[in-house]
Amino acid sequence: MTTESGPTKPGERGGATAGGIFADRILTIPNVLSVLRLIGVPLFLWLLLVERADGWAFALLVASGFTDFLDGKLARLLDQSSRLGALLDPFVDRLYLVTTLAAFVIRGLIPWWVAVILVGRDLVLTLTLSVYKRRELDPPDVIYLGKAATFALMSALPWLLAGQMDWALAGFGRAFGGAFLVWGTAVYVWTGMLYTGKAVAVARAIPAAAHRTR
């Protein structure tokens with residue numbers, strides 16, 4: 001859950017191998033980690049909403065963030081990029097984000113409007129990708145400030161959950177998580193506006209490609 005939620009470039013996780021050619025491999029270490037994270041989504045919801053086992057839900061949320069970071073590193077280090085990974089990893093990221101935000105709203109850990117803003121930002125950026133597709137252009141480069149905002153948000157959620165646990169750092173967790181949530185949300189929205197501005201500029205400056213006919 002630590003990746004920037006803007007447009008995903010092929011080489012950032014499971015995209016292109018050397019020479020820009022996608023590998024058709026399925027059984028790779030990064031893909032296995034992504035599948036494990038996918039399986040963890042319903043487990044996390046069950047722990048948080050049904051069992052109210054906040055400690056285990058916290059551990060699973062942290063583990064998901066770590067494996068998200070790890071699978072991208074391993075894909076590059078082991079040269080195990082794949083078409084499946086390019087699709088699966090961002091899908092699991094978005095799914096974890098949406099389900100975690102929804103679960104936190106249900107538990108009353110964050111205001112509902114914060115979740116609407118964060119999910120709405122990603123929906124808007126998804127729509128802007130059609131601007132580049134219609135002009136046969138690559139998506140815009142990732143704004144690294146957006147990565148910082150995503151990191152802040154994904155750090156805020158575990159700390160907010162830690163603030164619900166019966167332990168010495170509960171007060172710190174609520175304060176620290178709340179501060180990261182406010183900062184991360186503000187910067188996340190700002191970078192979303194930057195991405196949208198880029199798409200509008202492209203739409204105005206470059207005409208859409210004519211449809212090819214046979």
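The values are calculated or read from the model by the stated rules, or taken from the named source; none is laboratory data. Treat the numbers as computed from the prediction; the structure is a model and nothing was measured. Virtual Cβ from ideal backbone geometry, glycine too; neighbours counted across all protein chains shown. Heavy atoms of the whole protein, side chains included, go into the accessibility calculation; ligands, DNA and RNA do not. Shrake-Rupley method; radii C 1.70, N 1.55, O 1.52, S 1.80 Å.
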If we ask which residues in the stretch 25-45 are more than 16 Å from LEU97 (Cα to Cα) and surrounded by fewer than 18 Cβ atoms within 10 Å (Cβ to Cβ), their number turns out to be 5
Extreme residue, most open to solvent (accessible area, probe 1.4 Å), among residues of the stretch 154-166 that are assigned to a loop (DSSP other than H, G, I, E, B) and either aliphatic (A, V, I, L, M) or touching a Phe, Trp or Tyr at 6+ places or on another chain (Cβ under 9 Å) (or both) | GLN164
Tabulated pairs, the stretch 62-91, first within 18 Å of ARG25 (Cα to Cα) and of a type in the set (Asp, Glu), second surrounded by 21 or more Cβ atoms within 10 Å (Cβ to Cβ) and modelled with pLDDT under 80, C-beta under 6 angstrom, 6+ apart or interchain = ASP89/ARG13; ASP89/GLY14
Within the bounds of the stretch 146-163, is there any residue that is modelled with pLDDT under 95 and over 26 Å from ALA102 (Cβ atoms)?
-> no
Which numbered condition LEU88 fails, given (1) closer than 17 Å to PHE151 by Cβ; (2) modelled with pLDDT under 90; (3) assigned to a helix (DSSP H, G or I) | (1)
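Residues are listed down the side, and each one gets a yes or a no for (1) assigned to a helix (DSSP H, G or I); (2) open to solvent by 40 Å² or more (accessible area, probe 1.4 Å); (3) among the acidic types (Asp, Glu):
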{"residue": "ILE117", "(1), (2), (3)": "yes, yes, no"}
{"residue": "ARG121", "(1), (2), (3)": "yes, no, no"}
{"residue": "LEU125", "(1), (2), (3)": "yes, no, no"}
{"residue": "LEU129", "(1), (2), (3)": "yes, yes, no"}
{"residue": "LYS133", "(1), (2), (3)": "yes, yes, no"}
{"residue": "LEU137", "(1), (2), (3)": "no, yes, no"}
{"residue": "VAL142", "(1), (2), (3)": "no, no, no"}
{"residue": "ALA168", "(1), (2), (3)": "no, yes, no"}
